[in-house]
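The values are calculated or read from the model by the stated rules, or taken from the named source; none is laboratory data. Keep in mind that this is a model prediction, so the values were computed, not measured. For neighbour counting, all protein chains shown are included, and Cβ atoms are generated from backbone atoms with ideal geometry for every residue, glycine included.
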Amino acid sequence: MSQGFESTDNTLQADGVALARIAAVCGTPCYVYSSGQLDRNVERLKTALRRALPASNQPLIAFACKANSNLGVLNHLAGLGLGADVVSGGELVRAQAAGIDPARIVFSGVGKSDEDIEYAIRAHVAQINIESAPELERVVAIAQQLGITARVAFRLNPDVDAQTHAKITTGKEDNKFGLPAEVITPLYRQAAHTSFIDVQGLSVHIGSQLTTLAPFREAFSKIASFARQLAAEGLPLRSLDLGGGLGIVYDREQAPCLDGYAELIRELISPLGVKIILEPGRLLVGDAGLLLARVTYIKKTKTRQYMVLDAGMNDLVRPALYEAWHEIRPVVDSAAPPEMYDVVGPVCETGDTFARDRALPPLLAGDLLAIMNAGAYGFAMASRYNTRPLPAEVMTRNGHFRVIRHRENIRDILEEEAIPAW
Ligand code: LLP
């Protein structure tokens, strides 16, 4: 039985399930996640970490739920032993509902609300990553009011250029995230002596879709030397959270070598003898998901040939938002000579374009295609723009598939609204 997305008998399959079958039952657009590929991705990361680090100091892999927070996906990853990195009360509730122990959940984010903080403290999450002085004040006040100890860590802004897209760079001095070391030190000292606060250590996350290890080396070196400085001042240090950011191959970029990444942790972080936390998102789910869509029309103009899909930027916003490149594959292989298409959605914006000048075999209205590598930040960023119901989500395993999110219908959307009876 094939695992992941592979063509068999000229048609694209997910864990041995023909995508055409899924489309026939669930309709399109539809996200399809391969549990076989999820397994492989987690195993690949764990193998690299096992090779580099002693069994006694294997990191907690806290999956960044923002990349894909479907309950079915989270539950699958929980079954593989993963924890979670959450950035809202909603994600925390999801992670718990998926069966993830709060002791394996870290709470990140620059704008946590009072409700979110209270919920996280009551849930006894592993740590709340503090991103500002006023946030620490809130956490202290809420913990003391509840009489429950809050575990916290401080997010370092290491001023490192992640060399990725500007919109997903988070570790530069002028990004809104984290705090510089000189601001953390007095806060850390203060927190270490505050009742109902239990300081765990530091966290860092410099950006997403990193394709080289150099920025990780720089960030890990900085956090390690800062950790040493804190320890030398007698401040407690139990954990270092190294964030996420490992990139995947969408087009012709190189993916960072996982053994090299694990080796960096061994070299720079292991000697500190603290618990290590990682927050990978994209690496684990990116290539385990695709967006299955159907061609609605082929439209030819004087200068261009458009392939209009039934999926749009509301379903997958990455190309519109980050000029992201996604491979597009016809579900049925074709040997016909390719033609040039602009692959677009039905949404009323020119930005609703998945690809320009893409060479694809000639397709007709009704044909299926797959937008690949859509498992991370795909459905998670989907919206109902243009009153388009959210797409369905399906998971596959060993020749079977299950719907893990039903397609919305217009009625679902309208039910949430009201005409005021003044
Ligand atoms: N930890 C923190 C604190 C984060 O902010 C993020 C991602 C991660 C972990 C996971 O990063 P990853 O391993 O997935 O690179 N929507 C964008 C990506 C936004 C990333 C936001 N933060 C995209 O579609 O490319």
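Quick check: is even one residue across the stretch 167-180 aromatic (Phe, Trp, Tyr) and more than 14 Å from the ligand (Cβ to nearest atom)? Don't jump to the end; show me each part of the working.
Taking the stretch 167-180 as the starting set, the residues that turn out to be aromatic (Phe, Trp, Tyr) are 177.
Remaining after also requiring more than 14 Å from the ligand (Cβ to nearest atom): none.
Looking for residues that are aromatic (Phe, Trp, Tyr) and more than 14 Å from the ligand (Cβ to nearest atom), one finds none in the stretch 167-180, hence no.
Quick one: which residue in Ala380, Ala376 is touching a residue at least 24 places away in the same chain (Cβ under 8 Å) and part of a helix (DSSP H, G or I)? First the steps, then the outcome.
On the way: Ala376 fails: part of a helix (DSSP H, G or I).
Just one listed residue meets the conditions, Ala380.
Could we say that Val394 is under 26 Å from Leu283 (Cα atoms), away from the ligand (no atom under 16 Å from the Cβ), in the same structural domain as Val295 (by TED's automatic domain parsing) and buried (at least 16 other Cβ atoms within 10 Å of the Cβ) here?
Details: under 26 Å from Leu283 (Cα atoms): yes; away from the ligand (no atom under 16 Å from the Cβ): yes; in the same structural domain as Val295 (by TED's automatic domain parsing): yes; buried (at least 16 other Cβ atoms within 10 Å of the Cβ): yes.
Yes; evaluated as a whole, the condition is true for this residue.
With Glu137, Glu182 as the choices, which residue is under 29 Å from Ala214 (Cα atoms) and part of a helix (DSSP H, G or I)? Spell out how you get there, then give the answer.
On the way: Glu137 fails: under 29 Å from Ala214 (Cα atoms).
Checking each option against the conditions leaves just Glu182.
Determine which member of the set Glu91, Glu137 is over 30 Å from Glu43 (Cα atoms) and modelled with pLDDT of 95 or more. Lay out the reasoning, then the answer.
On the way: Glu91 fails: over 30 Å from Glu43 (Cα atoms).
After applying the criteria, what remains is Glu137.
Taking only pairs six or more apart or across chains, which ones have beta-carbon atoms under 9 Å, a first residue in the stretch 302-328 that is within 11 Å of Gly351 (Cβ to Cβ) and at pLDDT 95 or above, and a second residue that is within 11 Å of the ligand (Cβ to nearest atom) and charged (D, E, K, R)?
Going by the 9 Å Cβ cut-off, the qualifying pairs are Leu321/Lys167.
Only one of (1) surrounded by fewer than 21 Cβ atoms within 10 Å (Cβ to Cβ); (2) at pLDDT 95 or above; (3) assigned to a loop (DSSP other than H, G, I, E, B) fails for Asp357. Which number is that?
Of (1) surrounded by fewer than 21 Cβ atoms within 10 Å (Cβ to Cβ); (2) at pLDDT 95 or above; (3) assigned to a loop (DSSP other than H, G, I, E, B), only one is false for Asp357: (3).
Just checking, how many residues over the stretch 41-69 are away from the ligand (no atom under 16 Å from the Cβ) and in contact with a strand residue (DSSP E or B) (Cβ under 9 Å, 6 or more places away or on another chain)? I'd like the intermediate steps shown before the answer.
Of the stretch 41-69, the ones away from the ligand (no atom under 16 Å from the Cβ) are 43, 47, 50-58.
Still in the list and also in contact with a strand residue (DSSP E or B) (Cβ under 9 Å, 6 or more places away or on another chain): 53, 57-58.
So the count comes out to 3.
State whether one or more residues within the stretch 112-125 are within 19 Å of the chain's Cα centre (by Cα) and either over 21 Å from Lys275 (Cα atoms) or away from the ligand (no atom under 16 Å from the Cβ) (or both). Step through it out loud before you land on a result.
Our first condition is that a residue be within 19 Å of the chain's Cα centre (by Cα); within the stretch 112-125, this holds for 112.
From what is left, the residues that are either over 21 Å from Lys275 (Cα atoms) or away from the ligand (no atom under 16 Å from the Cβ) (or both) are 112.
Yes: the stretch 112-125 contains one or more residues that are within 19 Å of the chain's Cα centre (by Cα) and either over 21 Å from Lys275 (Cα atoms) or away from the ligand (no atom under 16 Å from the Cβ) (or both).
Taking the stretch 27-78 only, how many residues are in contact with a helix residue (DSSP H, G or I) (Cβ under 7 Å, 6 or more places away or on another chain), among the β-branched types (Val, Ile, Thr) and farther than 25 Å from Gln127 by Cβ?
So the count comes out to 1.
Select from the stretch 143-155 the residues that are assigned to a strand (DSSP E or B) and more than 12 Å from the ligand (Cβ to nearest atom) and write down the one among them that is surrounded by the fewest Cβ atoms within 10 Å (Cβ to Cβ). It would help to see each step written out before you state the result.
Filtering the stretch 143-155 down to residues assigned to a strand (DSSP E or B) leaves 150-155.
Filter again for more than 12 Å from the ligand (Cβ to nearest atom), leaving 150-152, 154.
Details: Ala150: 28, Arg151: 23, Val152: 26, Phe154: 28.
Restricting to residues being assigned to a strand (DSSP E or B) and more than 12 Å from the ligand (Cβ to nearest atom), the top hit is Arg151.
Of the residues that sit in the stretch 375-422 and are among the aromatic types (Phe, Trp, Tyr) and in contact with a helix residue (DSSP H, G or I) (Cβ under 8 Å, 6 or more places away or on another chain), which one is nearest to Asn75 (Cα to Cα)? Before you say what the answer is, go through the steps one by one.
So in the stretch 375-422, the residues among the aromatic types (Phe, Trp, Tyr) come out as 377, 379, 385, 401, 422.
Then drop every residue that is not in contact with a helix residue (DSSP H, G or I) (Cβ under 8 Å, 6 or more places away or on another chain), which leaves 377, 401.
Numbers: Tyr377: 18, Phe401: 16 Å.
Only one residue tops the list, namely Phe401.
One line per residue, one yes/no per condition, for (1) over 19 Å from Pro280 (Cβ atoms); (2) in the same structural domain as Ala382 (by TED's automatic domain parsing); (3) touching a residue at least 40 places away in the same chain (Cβ under 8 Å):
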{"residue": "Asn70", "(1), (2), (3)": "no, no, yes"}
{"residue": "Val73", "(1), (2), (3)": "no, no, yes"}
{"residue": "Asp85", "(1), (2), (3)": "no, no, yes"}
{"residue": "Gly111", "(1), (2), (3)": "yes, no, no"}
{"residue": "Glu115", "(1), (2), (3)": "yes, no, no"}
{"residue": "Val125", "(1), (2), (3)": "no, no, no"}
{"residue": "Asn129", "(1), (2), (3)": "no, no, yes"}
{"residue": "Ala141", "(1), (2), (3)": "yes, no, no"}
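Looking at the structure I just gave you, is Asn373 of a type in the set (S, T, N, Q), surrounded by fewer than 18 Cβ atoms within 10 Å (Cβ to Cβ) and under 26 Å from the mean Cα position of the chain (by Cα)? Break it down into steps so the answer makes sense when it comes.
Details: of a type in the set (S, T, N, Q): yes; surrounded by fewer than 18 Cβ atoms within 10 Å (Cβ to Cβ): no; under 26 Å from the mean Cα position of the chain (by Cα): yes.
No, not satisfied.
Having 2 or more residues that are more than 15 Å from the ligand (Cβ to nearest atom), among the aliphatic types (A, V, I, L, M) and touching a residue at least 40 places away in the same chain (Cβ under 8 Å) is the bar; report the strands (runs of 3 or more DSSP E) wholly within the stretch 193-301 that clear it. Explain how you work it out, then say what you get.
On the way: elements: 197-203, 239-241, 275-278, 289-300.
In the stretch 193-301, the matching strands (runs of 3 or more DSSP E) lie at 197-203, 289-300.
Can you tell me which residue in the stretch 356-374 is nearest to Asn75 (Cα to Cα), limited to those that are more than 16 Å from the ligand (Cβ to nearest atom) and touching a helix residue (DSSP H, G or I) at 6+ places or on another chain (Cβ under 8 Å)?
Quick first cut of the stretch 356-374, residues more than 16 Å from the ligand (Cβ to nearest atom) only: 356-370.
Retained after the next criterion (residues that are touching a helix residue (DSSP H, G or I) at 6+ places or on another chain (Cβ under 8 Å)): 368, 370.
Numbers: Leu368: 29, Ala370: 25 Å.
Only one residue fits best here, namely Ala370.
Restricting attention to the stretch 302-318, does a residue exist that is of a type in the set (A, V, I, L, M, F, W, C), outside any strand (DSSP E or B) and either within 12 Å of the ligand (Cβ to nearest atom) or in contact with a Cys (Cβ under 7 Å, 6 or more places away or on another chain) (or both)?
The first filter runs over the stretch 302-318 and keeps only residues of a type in the set (A, V, I, L, M, F, W, C), leaving 307-309, 311, 313, 316-317.
Add one more test, that the residue is outside any strand (DSSP E or B), and what stays is 311, 313, 316-317.
The next check asks that each one be either within 12 Å of the ligand (Cβ to nearest atom) or in contact with a Cys (Cβ under 7 Å, 6 or more places away or on another chain) (or both); those that pass are 316-317.
Yes - at least one qualifying residue is present in the stretch 302-318.
Look at Val160 and say whether it is touching a helix residue (DSSP H, G or I) at 6+ places or on another chain (Cβ under 6 Å), aliphatic (A, V, I, L, M) and within 16 Å of the ligand (Cβ to nearest atom). Let's see the steps before the verdict.
Working: touching a helix residue (DSSP H, G or I) at 6+ places or on another chain (Cβ under 6 Å): yes; aliphatic (A, V, I, L, M): yes; within 16 Å of the ligand (Cβ to nearest atom): yes.
Considered against the rule, which asks whether it is touching a helix residue (DSSP H, G or I) at 6+ places or on another chain (Cβ under 6 Å), aliphatic (A, V, I, L, M) and within 16 Å of the ligand (Cβ to nearest atom), Val160 comes out as yes.
What's the total number of residues in the stretch 334-354 that are loosely packed, with under 13 Cβ neighbours inside 10 Å, in a loop (DSSP other than H, G, I, E, B) and among the hydrophobic types (A, V, I, L, M, F, W, C)?
Total satisfying the criteria: 3.
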